[in-house]
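*Asks:* Questions regarding the structure given below will be posed in turn.
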Amino acid sequence: GGGQSGGAAGCLLLCDLQQRAVDATRRRLEALPSSGLLELDFRCGDHAPVLEGLAAGSADLVVFNLGYLPGGDKSIVTTAEGTVRAMSAAEAAVAPGGCVSVALYPGHEEGSREAEAVLEHAARLPQGGWSVLSSQWINQRSKRSGSPAPSLLLLQRMH
């Protein structure tokens, strides 16, 4: 919750599949001079159960950065099924006017499946309740593999 005097202005919940990513993010955020403005809650694990544990309408923003940790173990990836489940939970958790942001990385096999499933899921959201934007560089491809460039999906809960 925001606006309490004398305490944190809100809570930032961070979740990743790899403890290495959680630890690196913790070090970076806690080193910032303004780190006391937000309560920081770090979790290692699957994003779906974490989001399913949030109360309806309790989040202003949910950000997904999918795929694998650069420089990390590329066998540990987010999956199409898990991410669609997590997106459904995020949609329930986001308050009216709030947003869900999804960075999609189709440059590996599961990432391609995941991007397709996420976009199909988002396209089915009701027009009256959600505004959905998909943004992709259409003239950029990986120099190594020829795979499509990352894309960004933005969902805003209208009411």
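The values are calculated or read from the model by the stated rules, or taken from the named source; none is laboratory data. Since the structure is predicted, the reported quantities are computational estimates derived from the model, not experimental observations. Note that each Cβ is placed from the backbone with ideal geometry, even for glycine, and that neighbours are counted across all protein chains shown. Note: accessible area is taken over every heavy atom of the protein model, side chains too, but ligands, DNA and RNA are not part of it. Shrake-Rupley method; radii C 1.70, N 1.55, O 1.52, S 1.80 Å.
*Asks:* Assuming 0.36 nm per residue, please report the length gained on full extension of the stretch residue 58 to residue 135 beyond their Cα-Cα distance.
*Replies:* Computed gain between residue 58 and residue 135 is 25.1 nm.
*Asks:* Just add up the charged neighbours of residue 16: K/R +1, D/E -1, any other residue whose Cβ is under 15 Å from the Cβ of residue 16.
*Replies:* Surrounding charge for residue 16 is +2.
*Asks:* With r defined as the distance between the Cβ atoms of residue 34 and residue 103 and R0 fixed at 30 Å, what FRET efficiency is calculated, to the nearest 0.05?
*Replies:* For R0 = 30 Å, the calculated efficiency reads 0.80.
*Asks:* Another question about this same structure. For the range 20-78 and the range 101-115, what is the separation of their C-alpha centers, rounded to whole Å?
*Replies:* Using only Cα atoms, the two centres lie 18 Å from each other.
*Asks:* Kirkwood hydrodynamic radius (Cα pairs, Å) of the chain?
*Replies:* So the Kirkwood estimate lands at 16.8 Å.
*Asks:* Need one number: nm distance between label points at residue 76 and residue 112, each 7 Å from Cα along Cα→Cβ, rounded to one decimal.
*Replies:* If labels sit at residue 76 and residue 112, their model points lie 2.5 nm apart.
*Asks:* How large a share of the accessible area of the chain, in percent, is made up of carbon and sulfur atoms when the probe is 1.4 Å and the other protein chains stay in place?
*Replies:* Carbon-and-sulfur percentage of accessible area, whole number: 53.
*Asks:* Still on this model: Mind listing the Cα extents of the range 12-68 along all three principal axes, in Å, largest one first?
*Replies:* Projected onto its principal axes, the Cα set of the range 12-68 covers 31, 26, 15 Å.
*Asks:* Using packing as a proxy for protection, rank 137-149, 96-108, 67-79 so that the peptide with the highest average count of other Cβ atoms within 10 Å comes first.
*Replies:* Ranking the peptides 137-149, 96-108, 67-79 by packing returns 96-108, 67-79, 137-149.
*Asks:* Another one. Which value, in Å², gives the accessible area per residue of the chain when a 1.4 Å probe is used on the protein heavy atoms?
*Replies:* Accessible area per residue: 60 Å².
*Asks:* Please give the contour-minus-distance gain from residue 42 to residue 11: 0.36 nm per residue of separation, less the Cα-Cα distance, rounded to one decimal in nm.
*Replies:* Contour length minus the Cα-Cα distance gives 10.1 nm.
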